Amino acid sequence: FQTCPGRVITKLLCSGEKEVDLAVQSAKAAFKIWSQMSGMERSRVMLEAARIIREQREEIATLETINNGKSILEARVDIDISWQCLEYYAGLAGSLAGEHIQLPGGSFGYTRREPLGVCVGIGAWNYPFQIACWKSGPALACGNAMVFKPSPFTPLSVVRLAEIFTEAGVPKGLFNVVQGGAATGQFLCHHPDVAKISFTGSVPTGIKIMEMAAKGIKPVTLELGGKSPLIIFSDCALENAVNGALMANFLTQGEVCCNGTRVFVERKILDVFTKEVVKRTQNIKIGDPLLEDTRMGALINRPHLDRVQGFIKQAKEQGAQVLCGGDLYVPDDPKLKNGYYMRPCVLGNCTDDMTCVKEEIFGPVMSILPFDTEEEVVERANNTKFGLAGGVFTRDIQKAHRVMAALKAGMCFINNYNVSPVELPFGGYKSSGFGRENGRAAIEYYSQLKTVCVEMGDVESVF
């Protein structure tokens, strides 16, 4: 397991079938206690966990930067979103309820919103701590237990989250962490005492998880990949649109599933927009992610860096023009010479049929594509197997809402990008998955409804 300079800092053992079973059984025992607590009781414990995270923000953010390679500036935002998530679901925990339905003759029915049991969370390596909170927040608020498996590339910070939950007062084993790769994930998905699986990651892995879950008829939430469109109209506020394009492409070294990597620019402003984007991209400070002025750290590992470089090479072969970046970067600090750094890349002269425009690169690579009409760009924006996100920059608010209604994507932005408040549901259409993280919507995916019908008179028999 490596940090951004390519140095091994620790080694962890993968959890085998025995360890996975121990974790599930431990969570199952804790579930019996937690699920019988009132929503308000659960709320108080979750608020305490949020308080600890908030107070230890700097320590956890530093750990996350070492864990992932993103800048300390971004890591702090991730930790803030994490404690806000737990606070939000703590607030909902005490309000979870069913409904009463009046029936003829004084009879009535009611529904109960009940927890599922032991839920599995499988996280990605781009937002390790935040994703764990996004999954555990609604799960615990609904009364469930969770066994969480972080990516083997980022195993550290989720362990700290487990410690924080324990410090806050959850029953022992309520939030368990197992380490490992695909084999560990398979043991979790196949375990008979697992009630639900929530996965964040790639489409191919999501398909495999869905297949495994189907054998046990287990509900799944899948938050998968994307190749999202960002549409820049000529009537936009140009500086704001440039800022949005940078935010939509270069956060966490471009390793963000909902990034707007297909940047469609109305031809009238193509040259001026492109010139400004290139200028701003060239000024992004790359280097030690623990330094305050660093804006881009290292990619997650060597194979992934090589993969991103391969996409850029292929783009050039297919006729795209590298307007800036795309090459490897070696920081001046000798301690960082073996890090997985590259300069953020802007590609011009792109067409819709290029691999760099069709496939998810998951790195700091922006593709700029010109368009002429609203109807044209909406059709092109939707011409993808993905449907995670989409964005539009325009001063015409009617056009903005019209385009948003036409985009086949689950998370859309108007005059901003990559803003994901915990109050709003997050998730995709098409191959980008289904189910939702965050917002009240997530409660639906971590609970189940029981209907009770009460007869106040004698039963009328047809026999």
query = At what distance in angstrom do the alpha carbon centres of the range 251-272 and the range 319-339 lie from each other?
reply = 20
request  = Kindly report the accessible area of the range 291-348 per residue (heavy atoms of protein chains, probe 1.4 Å, no ligands, DNA or RNA), in Å².
outcome  = 50
query = Given the protein chains as shown and a 1.4 Å probe, how many square angstrom of VAL177 are accessible, to the nearest 10?
reply = 40
key: Computed over the chain: relative contact order in percent, which uses C-alpha pairs under 8 Å that are six or more apart   = 19
task = With everything on Cα atoms, drop me the angle between helix 57-68 and the longest principal axis of the chain, reported from 0 to 90° to the nearest 10.
result = 70
request  = Note down the relative contact order for the range 170-243 as a percent, whole number, built from C-alpha pairs under 8 angstrom at least six residues apart.
outcome  = 26
query = Extent of the range 138-211 along each principal axis, from alpha carbon coordinates, in Å, largest to smallest?
reply = 37, 26, 19
key: Fraction of alpha-carbon pairs over 31 Å apart in the range 17-225 - percent   = 19
task = Mind ranking GLU59, GLU19, GLU437 by accessible surface for me, highest first, 1.4 Å probe?
result = GLU59, GLU19, GLU437
remark   = Dividing the alpha-carbon radius of gyration of the range 229-414 by 2.2 N^0.38 Å, where N counts its residues, gives 1.01
message = Along each principal axis of its Cα atoms, how long is the chain end to end? Whole angstroms, biggest number first, please.
response = 78, 52, 39
note = Expressed in angstrom and rounded, the centroid-to-centroid distance over alpha carbons for the range 12-91 and the range 433-463 is 29
query = How much accessible area does TRP134 have with a 1.4 Å probe, in Å² rounded to the nearest 10?
reply = 20
0 to 90° range, to nearest 10: angle between helix 203-215 axis and the chain longest Cα axis = 20
ask   = So for ARG395, ARG44, ARG113, what's the accessible-area order with a 1.4 Å probe, most first?
value = ARG395, ARG44, ARG113
ask   = Which percent of the Cα-Cα distances in the range 125-264 go past 22 Å?
value = 48
task = Kindly state, as a whole number, the per residue volume in cubic angstrom of the convex hull around the alpha carbon atoms of the range 15-72.
result = 108
note = Relative contact order as a percentage, the range 348-417, C-alpha pairs under 8 Å and 6+ apart, gives 28
request  = Using a 1.4 angstrom probe on heavy atoms only, work out the carbon and sulfur share of the accessible area of the range 17-225 in %.
outcome  = 58
query = Helix 302-317: angle to the longest alpha-carbon principal axis of the chain, degrees 0 to 90, nearest 10?
reply = 50
note = In nanometres, the difference between 0.36 nm per residue of separation and the alpha-carbon distance of LYS399 and ARG44 is 123.3 nm
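The values are calculated or read from the model by the stated rules, or taken from the named source; none is laboratory data. Bear in mind that the values here come from a model prediction, so they are computed numbers and not experimental data. The accessibility values were calculated without ligands, DNA or RNA, using every heavy atom of the protein model including side chains. Shrake-Rupley method; radii C 1.70, N 1.55, O 1.52, S 1.80 Å.
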